[in-house]
Ligand code: SAH
């Protein structure tokens, strides 16, 4: 067995690990018994030398990301079993090997016992995104496991970690193909078609996490005028049109997003004259929508990436939602989201509450939404629940 550097925690700091929380903060560490390099595998012990866990070491406030609570050899077979388990879950969810959907998240970090690792599957094109140095160092090993797992199919593997690794680690990482070279791929989600470019798209190429919420929108779209604000690839727009909306306006500040939305609308039924895409800033556009819409979707980018931006983010959600609640038609339906990890469900709800209270309109919560089950949340790691949504009816 390889010897790994041992990290000893301060007295009392073992309790969160014993409750299976996968992070160790730097302040909990008493000492290490050797030299530590970023990305090293470490063994974690309590102050009285009880073994607790193994994980990847990183410089920063989260010092260790735990991938097992057992003393094991984390070799190729170890990672293979983990990824196989993750695949089995997606198969049981009818995502892997399903006809109606061939885009799903295969590995969701802590939710799959692999903190720092995201793997998304796009109809044979697989995108690996490492958020930790330890996982980045394992990328070739992970790629081999994936090739073995999908051995009956031709798959492309693209490593897209350049923008997600801690920049201070200075690894000089470049996005690159680890196998194959397909970057543009057509995928199907709930029977709807989308063209994805994994190399140029945001995140790993598509917002896979809105699959179930988009489907819910089809239930409210028939005969309605719909605004899809922050449309990006036009996911919600395509579903609203599919659900029988009278009119759909897709808005985004990015020209690339407008182009993608138009292409995706066209992929699902040709030139649909019920649809119009507009390049505009959300706050400017929302100032003057009047009573044009029965259904509004607000799916903004993460307003807060860090704790210190939290208050501004909450103000942003409040302003945006206030504009929608003020102007939406009577009986209107608002789908409103936050994907900021640092904004808790309670804080998001409070911002939307404050927005509603200012308008004086009667507002009811019809659905409380989150991410789909291929983005599982470890019950010991509630921070993993990053997507929050509310469907509101405004009288
Ligand atoms: N709803 C989309 C994902 C939205 S991602 C989906 O289902 O796929 C957030 C989008 O907000 C990005 O496309 C970004 O270009 C856009 N955006 C960011 N700031 C904006 C602003 N101030 N006004 C309008 N769009 C903005």
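Go through the residues of region 320-343 one by one and say whether even a single one is within 28 Å of residue 109 (Cα to Cα) and in a helix (DSSP H, G or I). Checked against the condition, which is being within 28 Å of residue 109 (Cα to Cα) and in a helix (DSSP H, G or I), region 320-343 yields no hits at all. Look at residue 255 and say whether it is within 13 Å of the ligand (Cβ to nearest atom), surrounded by fewer than 23 Cβ atoms within 10 Å (Cβ to Cβ) and either within 21 Å of residue 391 (Cβ to Cβ) or modelled with pLDDT of 95 or more (or both). Yes.
Can you name every residue in region 305-322 that is touching a strand residue (DSSP E or B) at 6+ places or on another chain (Cβ under 9 Å) and modelled with pLDDT of 95 or more? 317, 320, 321, listed by residue number. Take residue 6 and tell me if it is surrounded by fewer than 19 Cβ atoms within 10 Å (Cβ to Cβ), modelled with pLDDT of 95 or more, over 29 Å from the mean Cα position of the chain (by Cα) and outside any loop (DSSP other than H, G, I, E, B). For residue 6, the condition - surrounded by fewer than 19 Cβ atoms within 10 Å (Cβ to Cβ), modelled with pLDDT of 95 or more, over 29 Å from the mean Cα position of the chain (by Cα) and outside any loop (DSSP other than H, G, I, E, B) - is met. When the residues of region 264-286 are narrowed to those that are within 12 Å of the ligand (Cβ to nearest atom) and part of a helix (DSSP H, G or I), which ends up farthest from residue 327 (Cα to Cα)? So the residue we want is 264. Filter region 191-202 for residues that are within 12 Å of the ligand (Cβ to nearest atom) and either surrounded by fewer than 18 Cβ atoms within 10 Å (Cβ to Cβ) or not in a loop (DSSP other than H, G, I, E, B) (or both) and give the result. Passing the criteria: 192, 194, 196, 202. Candidates in region 227-247 are the residues that are outside any helix (DSSP H, G or I) and within 13 Å of the ligand (Cβ to nearest atom); of these, the one that is surrounded by the fewest Cβ atoms within 10 Å (Cβ to Cβ) is 230. Criterion first (farther than 30 Å from residue 113 by Cα and either at pLDDT 95 or above or in contact with a strand residue (DSSP E or B) (Cβ under 7 Å, 6 or more places away or on another chain) (or both)) does residue 350 satisfy it? Against the criterion (farther than 30 Å from residue 113 by Cα and either at pLDDT 95 or above or in contact with a strand residue (DSSP E or B) (Cβ under 7 Å, 6 or more places away or on another chain) (or both)), residue 350 qualifies.
When the residues of region 30-50 are narrowed to those that are touching a strand residue (DSSP E or B) at 6+ places or on another chain (Cβ under 6 Å) and in a strand (DSSP E or B), which ends up surrounded by the most Cβ atoms within 10 Å (Cβ to Cβ)? For region 30-50, the residue satisfying everything is 44.
Output the residue which, of all residues in region 291-304 that are assigned to a loop (DSSP other than H, G, I, E, B) and in contact with a helix residue (DSSP H, G or I) (Cβ under 6 Å, 6 or more places away or on another chain), is nearest to the ligand (Cβ to nearest atom). Of everything passing the filter in region 291-304, 303 is nearest to the ligand (Cβ to nearest atom). The one condition from (1) assigned to a loop (DSSP other than H, G, I, E, B); (2) within 13 Å of the ligand (Cβ to nearest atom) that residue 217 does not meet is (1).
The values are calculated or read from the model by the stated rules, or taken from the named source; none is laboratory data. Everything numeric here is computed off the predicted structure, so don't read it as measured data. Neighbour counts run over all protein chains shown; Cβ positions are idealised from the backbone, glycine included.
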